[in-house]
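Read through the structure below, which is laid out as structure tokens, and then see the notes.
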Amino acid sequence: MTTHRPLAILALALVVQPFALRAIGMTESLGTEIALFALVGLGFNLLLGYTGLLSFGHGLFFGFAAYAAALSQLHWFHDSLVWPVLFAVAATALLGLVVGFLALRRRGVYFSLLTLAFTALAFFFAFRWTEFTGGESGLRGIARPVIGPIDLNDQMIFYSLTAIVVFVAAWALLRIVHSPFGSVLVAIRENEQRTRFAGYPVRHYKLAAFMISATLVGVAGSLFAFLKSIVSADTVHVSFSGEIVAMTIIGGTRSFLGPPLGALFYILFRELLSGYTDA
């Protein structure tokens, strides 16, 4: 029963959130952003909270997925949301596999610095490759389609779609962390050497956790492109990766719902305080 309690709390929060935000003068668009960053926190925490790996480069996967979704819609999948998102998620999973394979060849702070280096490299390409990424101006023209009677341009409808995706992803992630696979990840966090001596292929487990984490962040990034209708290089900036770490740590890494709570706190207070200060 206790394993289902986080899902029940998350479902209730997703239902109540848009009405609560409207009551304090916020919009459903902000609620969608909070839901997406809650998913980012959940995905990132599989790596930090459960496996004990600190990545300073998860903004890479968020921004890469946003660009992949935008570019695939603009060039291939016109008037579609599902195919660009699926393409972006698959491409991000592959990128997570490659980056994880390279970064996990190092441990500790060297692993963290390698993820940071990959993100800095991605920002350089996104900012400088103007013909492909739009450069400083970003990619524009991303459209939410109308599917039969469902108009995804309606903010409440798009929020509902996002909330369903976040809930399903959280359900899948909860099953992962409560599975034998998740138990091995926790064992790696607590004592990697002992886990290796017990016969588990530690590097394979860490690579799998890295790829799953990157994929979940990619789901959020691909939907973020349709939320904002523009993708800029800011989504792969090093400082954005720092924000992901901050949200997760603020909420707490040892609790399944800690990172979503951290995302709510971070984004809500950012919006409230931006009216009083530029910082």
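The values are calculated or read from the model by the stated rules, or taken from the named source; none is laboratory data. Nothing here was measured: the structure is a model prediction, and the numbers come from that model. Using ideal geometry, Cβ is built from the backbone for each residue, glycine included, and neighbour counts are taken over all protein chains shown. Side chains are part of the model used for accessible areas, which takes the heavy atoms of the whole protein and leaves out ligands, DNA and RNA. Shrake-Rupley method; radii C 1.70, N 1.55, O 1.52, S 1.80 Å.
Here are some notes:
- Cα shape, the stretch 181-279, gyration tensor, a/c 1.5 rule: prolate
- To the nearest ten degrees, helix 202-228 and the longest principal axis of the Cα atoms of the chain are 10 degrees apart.
- With the charge dipole of the stretch 87-224 set up from +1 on Lys and Arg Cβ and -1 on Asp and Glu Cβ about the Cα centre, the Cα lying farthest toward the positive end among the listed residues 155, 141, 113 is that of 113.
- Atom-type composition of the exposed protein surface of the stretch 1-115 places 73 percent of the accessible area on carbon and sulfur (1.4 angstrom probe).
- Relative contact order (%) - the stretch 35-119, alpha-carbon pairs under 8 angstrom, separation at least six: 37 percent
- Dividing the summed helix terms, -39500 (n - 2.57) for each DSSP H run of n ≥ 4, by the number of residues in the chain produces a 222 nm estimate of -23500 deg cm²/dmol to the nearest 500.
- The loop-placed trypsin sites (Lys or Arg not before Pro) in the stretch 66-136, going by DSSP, that have at most 14 neighbouring Cβ atoms within 10 Å of their Cβ come out as 105, 106, 107.
- Heavy-atom surface of the chain, accessible at 1.4 Å and reported per residue (Å²): 48 Å²
- Estimated translational D of the stretch 59-183 in µm²/s (Stokes, Kirkwood radius over Cα pairs; 20 °C; 1.002 mPa s): 127 µm²/s
- Cα principal axis extents for the chain, largest first, Å: 56, 47, 43
- Mean sequence separation of contacting Cα pairs (under 8 Å, at least six apart), scaled by the length of the stretch 214-272, corresponds to a relative contact order of 18 percent.
- Shown for the stretch 53-132 is the translational diffusion coefficient from the Stokes-Einstein equation, using the Kirkwood radius over Cα pairs, a temperature of 37 °C and a viscosity of 0.692 mPa s: 245 µm²/s.
- Tilt relative to the chain, helix 155-177 - C-alpha long axis, 0 to 90 degrees, to 10: 10 degrees
- Rounded to 10°, Cα long-axis angle of helix 82-103 versus longest principal axis of the chain: 30 degrees
- Once C-alpha pairs closer than 8 Å and six or more residues apart are averaged by separation and normalised to the residue number of the stretch 150-279, the relative contact order reads 11 percent.
- Of the solvent-accessible surface of the stretch 130-279, computed with a 1.4 Å probe and all protein chains present, 61% belongs to carbon and sulfur.
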